[in-house]
């Protein structure tokens, strides 16, 4: 960067200074502060990139012209169907609302890679073509203890790739009690069929033993599979195959074992006052050859499917031509790398991951936020409020039989029914999504950021007036 470029960069004001200007105040009178701040930040980042990437000569920062550009960008954003919303449902991993928020570091990584070219498939050390998976494979292996790793665009793709690589034209054995269906009509039997493999069911719905797997093995068996029950539980008179038993059986018969963990926790949720969920490290340490899990659930990263396990198995999947159709894109890869670096560099600070921070929040913490919201519109006669006990959900098929104690702000209106209030909030800018129960609108602020609380209060005020 030359001296002129450095001088031009110095002329660009900081975000907080711009937000204090008159044009910014005019925008803030019409739009939520987080939206204005983010729009200003994005336009400023674009200017910085323009300066760094070859702006020639001196320039003068024009505040009026800058905010005209910001206003235009915000109008364009308001017309988009895919929009930022406030999640006041208390469901942490909300599939309909985009699963989970990313850590600021992951958002910054996406922005950096999106604004220009990147080293996606170039080895900068030797100048030759590289592998996109090399950016995250060492991190994943270090965190999970696996020999090798691979990343695709979601966990369904990870399962499909494993099945296609190892079981096409052969048989895959799965416990009858694990033939799951999850959101979006993802049915394991249909995925197995799509991979070209034949499903062999072992055991019964409520009881499956290692002997059931062993009795089902034939000359055509290519894979032994275990699937996390995800969004349901079978309770009562039940029995499942111990992971160690299945691994031992696979080793004795020289048949790979695939375990689909689904949510993919990298930390012990019990340490966060949430129910324990099988960690990826546990499956790897038990010797499971192929382990698949999601990046955008309990891991708290972007949408992707992660595969870890024995090097020989991962290398075979990397050579499968199907991988090209399932590969992860550069933006999700950037976000995943940044998220994994947080896990590596801050192992004692899981709250840096928004999803984990929300899961760990106590009912007392949520109650403080609920009472804060109530006081912000307590002078509006149209509403009555009450802070009550309730239950949050992890969501996304995670921890289905374990709710999280929470505190809810129950809101009733003399002007509108709960359904009418809910519809008005969805029409707000930004849209606000809450729950309805017993004729009341319920706000669970476990999933609401501190800076979003005022947005909810302002929206309720506008609806009442």
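Please go through segment 16-28 and pick out each residue that is surrounded by fewer than 16 Cβ atoms within 10 Å (Cβ to Cβ) and more than 19 Å from residue 84 (Cα to Cα).
Quick first cut of segment 16-28, residues surrounded by fewer than 16 Cβ atoms within 10 Å (Cβ to Cβ) only: 16-17, 20, 22, 25-26, 28.
16, 17, 20, 22, 25, 26 - these are the residues of segment 16-28 that are surrounded by fewer than 16 Cβ atoms within 10 Å (Cβ to Cβ) and more than 19 Å from residue 84 (Cα to Cα).
Could we say that residue 69 is at pLDDT 95 or above, surrounded by fewer than 18 Cβ atoms within 10 Å (Cβ to Cβ), over 21 Å from the mean Cα position of the chain (by Cα) and over 27 Å from residue 202 (Cβ atoms) here?
Values: at pLDDT 95 or above: no; surrounded by fewer than 18 Cβ atoms within 10 Å (Cβ to Cβ): yes; over 21 Å from the mean Cα position of the chain (by Cα): yes; over 27 Å from residue 202 (Cβ atoms): yes.
When the stated conditions are applied, residue 69 does not pass them.
Yes/no per residue for (1) under 22 Å from residue 45 (Cβ atoms); (2) modelled with pLDDT of 95 or more; (3) buried (at least 19 other Cβ atoms within 10 Å of the Cβ):
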{"residue": "95", "(1), (2), (3)": "no, no, no"}
{"residue": "101", "(1), (2), (3)": "yes, yes, yes"}
{"residue": "118", "(1), (2), (3)": "yes, yes, no"}
{"residue": "136", "(1), (2), (3)": "no, yes, yes"}
{"residue": "139", "(1), (2), (3)": "no, yes, no"}
{"residue": "146", "(1), (2), (3)": "no, yes, yes"}
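For residue 183, all conditions in the list (1) over 18 Å from residue 337 (Cα atoms); (2) within 18 Å of the chain's Cα centre (by Cα); (3) at pLDDT 95 or above hold save one; what is the number of the exception?
Of everything listed in (1) over 18 Å from residue 337 (Cα atoms); (2) within 18 Å of the chain's Cα centre (by Cα); (3) at pLDDT 95 or above, residue 183 misses just condition (3).
Do we find a residue being farther than 22 Å from residue 90 by Cβ and in contact with a helix residue (DSSP H, G or I) (Cβ under 7 Å, 6 or more places away or on another chain) anywhere in segment 384-400? Even if it seems obvious, please write down each step before you answer.
Our first condition is that a residue be farther than 22 Å from residue 90 by Cβ; within segment 384-400, this holds for none.
Looking for residues that are farther than 22 Å from residue 90 by Cβ and in contact with a helix residue (DSSP H, G or I) (Cβ under 7 Å, 6 or more places away or on another chain), one finds none in segment 384-400, hence no.
Go through segment 211-227 and give me each residue that's surrounded by fewer than 17 Cβ atoms within 10 Å (Cβ to Cβ) and in contact with a helix residue (DSSP H, G or I) (Cβ under 8 Å, 6 or more places away or on another chain).
Answer for segment 211-227, where residues must be surrounded by fewer than 17 Cβ atoms within 10 Å (Cβ to Cβ) and in contact with a helix residue (DSSP H, G or I) (Cβ under 8 Å, 6 or more places away or on another chain): just 214.
Could you please let me know if residue 311 is surrounded by fewer than 18 Cβ atoms within 10 Å (Cβ to Cβ) and touching a strand residue (DSSP E or B) at 6+ places or on another chain (Cβ under 6 Å)? Talk me through it step by step, then tell me what you get.
Working: surrounded by fewer than 18 Cβ atoms within 10 Å (Cβ to Cβ): yes; touching a strand residue (DSSP E or B) at 6+ places or on another chain (Cβ under 6 Å): yes.
Yes; evaluated as a whole, the condition is true for this residue.
With the checklist (1) outside the structural domain of residue 36 (by TED's automatic domain parsing); (2) not in a loop (DSSP other than H, G, I, E, B) in hand, flag the one item residue 72 doesn't pass.
(1)
Just to be sure I understand, how many residues within segment 456-465 are within 29 Å of the chain's Cα centre (by Cα) and surrounded by fewer than 20 Cβ atoms within 10 Å (Cβ to Cβ)?
2
Tally the residues that are touching a strand residue (DSSP E or B) at 6+ places or on another chain (Cβ under 6 Å) and part of a strand (DSSP E or B), restricting the search to segment 88-102. Talk me through it step by step, then tell me what you get.
Let us first name the residues in segment 88-102 that are touching a strand residue (DSSP E or B) at 6+ places or on another chain (Cβ under 6 Å), namely 88-94, 97.
Going one step further and asking which of them are part of a strand (DSSP E or B), we end up with 91, 94.
The number of residues fulfilling the criteria is 2.
Look through 163, 179, 188 and report the one residue that is assigned by TED's automatic domain parsing to the domain that holds residue 304, over 17 Å from residue 313 (Cβ atoms) and surrounded by 20 or more Cβ atoms within 10 Å (Cβ to Cβ).
On inspection, the qualifying residue turns out to be 188.
Could you please find all residues in segment 352-362 being in a helix (DSSP H, G or I) and in contact (Cβ under 8 Å) with a residue 12 or more places away in the chain? Quick ask: steps written out before the conclusion?
As a first pass, look at segment 352-362 and keep what is in a helix (DSSP H, G or I): 352, 354-360.
Across segment 352-362, the qualifying residues are 352, 354, 355, 356, 358, 359, 360.
Out of 332, 345, 389, which single residue is without any contact (Cβ under 8 Å) to a residue 40 or more places away in the chain, assigned by TED's automatic domain parsing to the domain that holds residue 120 and surrounded by fewer than 24 Cβ atoms within 10 Å (Cβ to Cβ)?
Numbers: 332 fails: without any contact (Cβ under 8 Å) to a residue 40 or more places away in the chain; 389 fails: assigned by TED's automatic domain parsing to the domain that holds residue 120.
None of the other options fit; the residue is 345.
The values are calculated or read from the model by the stated rules, or taken from the named source; none is laboratory data. Being a predicted model, the structure only gives us computed values, none of them experimental. We place every Cβ from the backbone using ideal geometry, glycine too, and count neighbours over all the protein chains shown.
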